[in-house]
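The values are calculated or read from the model by the stated rules, or taken from the named source; none is laboratory data. Computed from a predicted model, the values in this text were never measured in an experiment. No Cβ is skipped: glycine too gets one built from the backbone with ideal geometry, and neighbour counts run over all protein chains shown. Side chains are part of the model used for accessible areas, which takes the heavy atoms of the whole protein and leaves out ligands, DNA and RNA. Shrake-Rupley method; radii C 1.70, N 1.55, O 1.52, S 1.80 Å.
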Amino acid sequence: MTMLFLAPELKGDSWIKHIRSQDAGIDLRVWPEVGRAEDVVFALCWQHPPGELKKYPNLKCIGSLGFGVDHILRDPDLPPGVPVTRLVDPGMIAAMSEYVLAAVLSHTRQFDLYRQDQAQKKWTARIPKRPQDVRVGVMGLGHLGADAALKLRAAGFAVAGWSRTAKQVEGARSFAGDSDLDLFLAQADILVCLLPLTPATRGILNRRTLAALPKGAYLVNAARGEHLVEEDLLAALDSGHLSGACLDVFRTEPLPEAHPFWSHPGIVLTPHSASHTYPAAVAPQIVENYRRVRSGQAPLNRIDMDKGY
Ligand code: NDP
């Protein structure tokens with residue numbers, strides 16, 4: 001009953017330490033030192049080599065080492081019928097909301113302009129809009145989006161959310177489904193993307209949807225780089241339709257040195273660091289799922305393969 005750590009790009013030491021601290025008896029192997037493929041029942045994955053998972057005939061659960069599962073579902077050779085799970089962690093949720101608030105407030109309070117003024121020793125008071133006059137639209141009202149919406153609301157912003165199905169988040173207006181998308185976009189002075197990456201949401205931040213935002217709108221993308229058509233953002237910024245963007249995620253990561261985002265005056269960027277996964281915080285839920293799988297129970301935080309999240 002082996003648990004396999006299959007995350008070639010991650011440093012495994014801290015993960016292994018914290019998983020073992022939950023249960024020293026776990027038969028935990030680190031890919032590529034797998035041993036007998038038949039023994040593997042639980043695979044913990046981050047950016048695994050495509051085709052690898054089908055080599056384990058007794059696999060009973062594929063666990064994502066993050067909130068998203070797009071890195072797992074992009075494997076065309078996933079073993080059929082094996083449940084896929086994701087992490088859910090209050091600390092990561094709080095960290096993402098903090099990032100979103102920081103991005104929104106730094107934009108509305110014009111910190112970048114003050115920084116430029118400071119360099120020129122310019123004393124210019126800029127009158128900010130009152131938060132209740134700033135409409136923030138959150139795309140995705142799941143674990144991350146719902147918390148961000150609540151905290152933006154608590155900071156005084158006029159908040160709306162867009163999800164596949166209608167949601168009730170206190171104080172936030174709910175828009176749902178493709179039929180509501182344009183209405184939702186038309187009232188978002190600041191658009192925050194916290195959607196999962198699925199076939200339906202890939203490229204959703206594009207020329208058409210960016211054009212549907214009010215003139216001068218600001219974009220925050222902390223979900224996945226592939227939600228955004230990057231050249232469409234550049235065009236929207238350069239035409240003056242958008243006033244700026246704060247981006248944490250990119251189509252290619254690390255962002256290539258020659259990428260125009262690095263030097264664009266309208267873009268603030270961070271290196272996929274909006275919300276960090278702490279192995280110590282999530283090791284208990286990983287080991288709980290391993291135990292459940294071993295005893296024939298359904299794992300927690302299983303994603304819906306049809307929806308892709
Ligand atoms: P959840 O699965 O909890 O929520 C997803 C939300 O998106 C739901 O409200 C869902 O609607 C909505 N949604 C999905 N598809 C559509 C669609 N086609 N149209 C409209 N709404 C849709 O996800 P999380 O909140 O946990 O995470 C979101 C993503 O954030 C992750 O998948 C990951 O990619 C990214 N992320 C980024 C991090 C970073 O550091 N930058 C860190 C962690 C996560 P409904 O509720 O109706 O189903």
**OP:** Write out, first by first residue and then by second, each pair whose Cβ atoms fall under 6 Å of each other, whose residues are 6+ apart or on separate chains, and whose first residue, in the range 162-182, is among the basic types (Lys, Arg) while the second is in a loop (DSSP other than H, G, I, E, B) and near the ligand (Cβ under 10 Å from one of its atoms).
**Re:** Lys167/Leu141
Subject >> Only listed residue being of a type in the set (Val, Ile, Thr) and surrounded by fewer than 17 Cβ atoms within 10 Å (Cβ to Cβ), chosen from Thr277, Thr252 >> reply: Thr252
Subject >> The listed residue being more than 12 Å from the ligand (Cβ to nearest atom) and either outside any helix (DSSP H, G or I) or at pLDDT 95 or above (or both), out of Leu105, Leu144, Leu197 >> reply: Leu105
Subject >> Single residue of Gln47, Gln22 found to be free of Cβ contacts under 8 Å to residues at least 60 places away in the same chain, open to solvent by 10 Å² or more (accessible area, probe 1.4 Å) and not charged (D, E, K, R) >> reply: Gln47
Original post:
Limited to the range 200-247, what total is found for residues that are more than 16 Å from the ligand (Cβ to nearest atom) and either basic (Lys, Arg) or part of a strand (DSSP E or B) (or both)?
Top reply: 7
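Which residue out of Ile72, Ile93 is of a type outside the set (Lys, Arg), touching a His at 6+ places or on another chain (Cβ under 6 Å) and part of a helix (DSSP H, G or I)?
On the way: Ile72 fails: touching a His at 6+ places or on another chain (Cβ under 6 Å).
After applying the criteria, what remains is Ile93.
Checking the conditions here, which among Tyr99, Tyr114 is within 16 Å of the ligand (Cβ to nearest atom) and farther than 22 Å from Ala200 by Cβ?
Numbers: Tyr114 fails: within 16 Å of the ligand (Cβ to nearest atom).
That would be Tyr99, the only listed residue that is within 16 Å of the ligand (Cβ to nearest atom) and farther than 22 Å from Ala200 by Cβ.
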Original post:
Restricting the range 219-268 to residues that are of a type in the set (S, T, N, Q) and touching a residue at least 12 places away in the same chain (Cβ under 8 Å), which is farthest from Ala186 (Cα to Cα)?
Top reply: Thr252
**OP:** For Thr277, work out the one condition from (1) within 12 Å of the ligand (Cβ to nearest atom); (2) free of Cβ contacts under 8 Å to residues at least 12 places away in the same chain it doesn't fulfil.
**Re:** (2)
**OP:** Among the residues of the range 174-201, count how many are surrounded by fewer than 16 Cβ atoms within 10 Å (Cβ to Cβ) and touching a helix residue (DSSP H, G or I) at 6+ places or on another chain (Cβ under 9 Å).
**Re:** 2
**OP:** Answer yes or no as to whether Val82 is within 12 Å of the ligand (Cβ to nearest atom) and surrounded by fewer than 20 Cβ atoms within 10 Å (Cβ to Cβ).
**Re:** no
**OP:** Please give the number of the condition Ser64 fails out of (1) more than 16 Å from the ligand (Cβ to nearest atom); (2) among the hydroxyl-bearing types (Ser, Thr, Tyr); (3) open to solvent by less than 10 Å² (accessible area, probe 1.4 Å).
**Re:** (1)
Subject >> Of the criteria (1) of a type in the set (S, T, N, Q); (2) open to solvent by 50 Å² or more (accessible area, probe 1.4 Å); (3) under 25 Å from Leu105 (Cα atoms); (4) touching a strand residue (DSSP E or B) at 6+ places or on another chain (Cβ under 9 Å), which one Asn221 fails >> reply: (2)
Subject >> Pairs where the first residue, in the range 96-120, is open to solvent by 100 Å² or more (accessible area, probe 1.4 Å) and the second is not charged (D, E, K, R), C-beta under 6 Å, 6+ apart >> reply: Arg109/Pro128
Subject >> Number of the exception - Arg291 against (1) in a loop (DSSP other than H, G, I, E, B); (2) within 24 Å of Pro90 (Cβ to Cβ) >> reply: (1)
Original post:
How many residues, within the range 121-136, are β-branched (Val, Ile, Thr), assigned to a loop (DSSP other than H, G, I, E, B) and open to solvent by less than 90 Å² (accessible area, probe 1.4 Å)?
Top reply: 2
